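Novice: One structure is given below, represented as structure tokens, and several questions about it will come after.
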Amino acid sequence: MRVLFVCNNAFNPGNGLSVSARNTIRHLRERGIDARLMAVANPNPDGPQPDFPLKHFKFPVFEPVIRKNGFCYAKIDRDRIDEAIRWADVVHFEEAFPLEDVAMRMAKKLGKACVGTFHLFPHNVTANLGFRKNSSLNGLLMKYWNAVVFNKCSDIQCPTQVAKDYLAGSGCTARLHVISNGVEIPDVPAAHIPPADDSILDVLCVGRLSNEKSQGTLLEAMRYTKYADRIRITFAGNGPKEAKYKRLAQRLFDEGVLSILPIFEFYPQDELREIARRAYLYVHCAWVEMEGLSCAEAVQEGAVPVIGQGALIGTPQFALVPESLYPVGDSKALAERIDWWIEHRDEHDRMSVEYAQSMKRFDVEESIDKLIAMYESALGA
């Protein structure tokens with residue numbers, strides 16, 4: 001089976017969609033599936049490159065914002081797109097942008113099986129362009145996505161039930177499958193590493209520093225928690241909100257709210273795992289999130305999660321107890337949850353182990369099994 005992945009940007013380590021696409025291709029290849037990628041060429045000439053590289057299209061007006069959010073769009077090269085699609089048995093669309101619109105038209109003309117993954121809510125895009133959460137543009141963008149890609153697919157992967165419900169409610173007519181993007185499960189479960197200095201409580205927050213990730217909620221929660229003087233926050237990521245959040249963190253430190261200045265740094269995966277093992281809590285603040293595998297990866301290392309809960313968030317699927325959830329955007333409620341876990345150390349330590357073991361439900365190998373079955377279903381159709 002030959003599977004072509006169509007994705008604008010696949011080589012940004014801070015972009016969850018990019019990482020997921022590359023990981024899925026790698027795991028499919030390990031199963032003997034000939035999986036190849038069509039995407040914008042990797043800007044790092046020494047790094048891996050797509051099998052069918054495309055040039056970078058600089059989007060008028062919005063290009064600086066798009067770059068800050070770790071994304072880029074592909075130039076439409078019809079000859080290259082035609083070459084890639086003729087090669088494939090199944091075409092897997094990772095997005096529904098102009099590249100995918102053109103590729104879908106060609107795939108349909110050539111009679112190829114077409115599937116997709118619903119990686120992004122329209123709000124993920126509009127929030128980063130500065131539009132309001134409830135902008136009417138969200139509905140218009142979703143209609144466009146359905147028209148050009150999703151309603152032309154036979155099958156679509158939805159990483160969470162929240163994603164499936166939203167896509168079904170948008171009028172999508174494809175067969176929808178709840179299939180997690182999956183995490184790699186180690187042979188030996190990770191054990192939480194007690195801190196060398198028990199007076200310091202490490203809180204980890206992973207993700208692009210952007211509008212929809214809403215890390216400011218965690219910083220504001222420091223004004224309400226009883227233990228702000230003991231908390232050391234690590235924001236693992238970069239993005240357009242970095243300067244703003246650094247200023248807010250400095251203000252909290254200068255006012256004496258925080259005794260330890262938060263850390264802002266982008267980490268390679270191995271180093272991030274080590275930080276997660278030492279974290280007392282992992283906090284996920286995003287108000288729109290399809291799945292949030294950064295949470296799953298931290299929990300797998302023994303970090304106990306506190307996750308924002310809302311209508312456009314799939315991440316609460318990782319929560320095992322109510323104390324791991326709070327109403328998204330509510331900094332006071334988040335502070336109460338942080339305090340609860342600090343004041344119930346025995347329960348924290350017990351749940352740390354239980355949480356790490358619970359990630360077996362999201363084993364990437366099971367996700368790959370389901371994806372292959374989805375491809376076979378599409379070929380059958």
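Novice: With labels modelled as points extended 7 Å from the Cα through the Cβ direction, what inter-label distance (nm, one decimal) is found for His344 paired with Ala147?
Specialist: The modelled label-to-label distance comes out at 5.0 nm.
Novice: Separate question: Need one number: nm distance between label points at Arg86 and Arg247, each 7 Å from Cα along Cα→Cβ, rounded to one decimal.
Specialist: It is 5.5 nm.
Novice: Taking amide hydrogens as modeled 1.01 Å from N in the peptide plane, which residues meet the under 5 Å criterion relative to Asp89, leaving out close sequence neighbours?
Specialist: Arg2, Val3, Leu4
Novice: Angle between the Cα long axis of helix 16-30 and the longest principal axis of the chain, 0 to 90 degrees, nearest 10?
Specialist: The two axes meet at around 60 degrees.
Novice: Can you pull the one-decimal nm distance between simple spin-label points at Gln49 and Leu129, each 7 Å off the Cα toward Cβ?
Specialist: With each label placed 7 Å out from Cα toward Cβ, I get 3.2 nm.
Novice: Moving on to the next point. Alpha carbon centre of the stretch 227-252 versus the stretch 273-343: separation in Å?
Specialist: Cα centroid of the stretch 227-252 versus Cα centroid of the stretch 273-343: 17 Å apart.
Novice: Quick one: among Gln300, Gln269, Gln215, which has the greatest mean-square fluctuation in a GNM of the chain with alpha-carbon springs under 10 angstrom?
Specialist: Result for the chain, Cα springs under 10 Å: Gln269 fluctuates most.
Novice: Also: Do me a favour and compute the ellipsoid semi-axes for the stretch 201-361 from its Cα gyration tensor, root of five times each eigenvalue, largest one first, whole Å.
Specialist: Those come to 21, 17, 16 Å.
Novice: If each DSSP helix of 4+ residues adds -39,500 (n - 2.57) and the sum is divided by the residues in the chain, what number results at 222 nm, nearest 500 deg cm²/dmol?
Specialist: So the calculated ellipticity at 222 nm is -12000 deg cm²/dmol.
Novice: Based on the Cβ-Cβ distance of Met106 and Glu354, what FRET efficiency does E = 1/(1 + (r/R0)^6) give at R0 = 45 Å, to the nearest 0.05?
Specialist: According to the calculation, E is roughly 0.40.
Novice: So what does the Cα-only Debye profile of the chain read at q = 0.09, 0.10, 0.12 Å⁻¹, as log10 I(q)/I(0), no solvent term?
Specialist: -0.52, -0.64, -0.91
Novice: So which lysines pass the test for Lys112, namely a Cα distance under 26 Å, with those fewer than 8 places away in the same chain ruled out?
Specialist: The qualifying lysines are Lys55, Lys75, Lys143, Lys152, Lys164, Lys370.
A short reminder: the numbers here are calculations on the coordinates, not readings from a lab. On a predicted model such as this, the values are computed, not experimentally measured, just so you know. All Cβ positions, even for glycine, are placed from backbone atoms using ideal geometry, and neighbour counts span all protein chains on display.
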